[in-house]
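Nothing in this text is a laboratory measurement; each read-out follows from the coordinates by a stated rule. If you're wondering where the values come from, they're calculated on a predicted model, not measured in any experiment. As a convention, Cβ positions derive from the backbone with ideal geometry for all residues, glycine included, and neighbour counts pool all protein chains shown.
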Amino acid sequence: IQRVANTVPLSVFHCTTRDTELMGYSIPKGTLVIENLTSVLNEEGQWKFPHEFNPENFLNDQGEFMILRLLSNGSGPRICLGEGLARMELFLIVVTLLRKFKFIWPEDAGEPDFTPVYGVTLTPKPYRMKVQLRTSQ
Ligand code: HEM
C-alpha cells in the first residue's frame, strides 16, 4: 500500500552542510537536495510490477517474503520519526476494516482513475465505494 500510495513524493527537502561527493557527483555546500521518491518506488528494473499494486513485488522467486527497506519514509539520519507508528496504524486500520466490511467497486462507477491529487502529500481523487457488512459464518 505504501509503495503505491507514495504519500510524500518529494520527501522532506534537505541541504548539504559541506561540499559533498556522491557517486561521482560534486554537490557544493548549501545545495538544496530534493529526493524523488516517485522514481524510487516505481523504478522499472527494481520492481517486478512497478506500475501496479501487486504484493508479489515483495516476494522472491521462491515465493518467500523479502525484507526490503521500502524508502517511502526516507532513509538515513533524518528518516521519518513516525515510520513505525504509521506502519502500525495502517496495518491495524486496514485489517480491522477488511475483517468487518467488503469493499465493492460500484458497477456503474467505470474504471478507477488513479491520477493522484498533488500537494505536499499525494492523495487519491474522491471516489464512490460500496461498503457491505460481512456476515459472520
Ligand atoms: C505513511 C505515513 C508517512 C509517510 C509516508 C512519511 C514520510 C516521511 C518522509 C519521506 C520523511 C523524510 C525522510 C528523509 O528526509 O529521509 C519524513 C520525515 C518525518 N516524519 Fe514522516 N511520514 C509518515 C508518517 C509520519 C508520522 C505518523 C509522524 C509522526 C507521528 C511522522 C513524523 C516525521 C518527522 C518528525 C520527520 C522529520 C524527521 C527529521 O527530519 O529528522 N511521519 N516522513
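Could you list the trypsin sites (Lys or Arg not before Pro) in the range 34-137 that lie in coil according to DSSP, counting only those with at most 16 other Cβ atoms within 10 Å of their Cβ? Those that pass, being in a loop and sparsely packed, are LYS48, ARG69, ARG128, ARG134.
Please report how many Lys pairs in the chain have alpha carbons closer than 29 angstrom, counting only residues at least 8 apart along the chain or sitting on separate chains. Show your work: numbers first, answer last.
Details: LYS48/LYS102; LYS48/LYS125; LYS100/LYS125; LYS100/LYS130; LYS102/LYS125; LYS102/LYS130.
Within the chain, the lysine pair count is 6.
State which stretch of the chain is the longest one without any exposed GluC sites (Glu not before Pro), exposure meaning a DSSP loop state and at most 16 other Cβ atoms within 10 Å. It works out to 65-137.
Put in order of Cβ neighbour count within 10 Å, fewest first, the listed residues CYS15, CYS80 become CYS15, CYS80.
With the biggest extent put first, the Cα atoms of the chain measure 63, 37, 29 Å across the principal axes. Considering helices alone, the calculated mean residue ellipticity of the chain at 222 nm is -6000 deg cm²/dmol, with DSSP H runs of length four and up weighted by -39500 (n - 2.57) and normalised per residue.
Need one number: % antiparallel among DSSP beta bridges in the range 2-133, to the nearest 5. Please list the in-between numbers first.
Working: 11 of 12 bridges.
Counting only bridges with both partners in the range 2-133, antiparallel ones make up about 90 percent.
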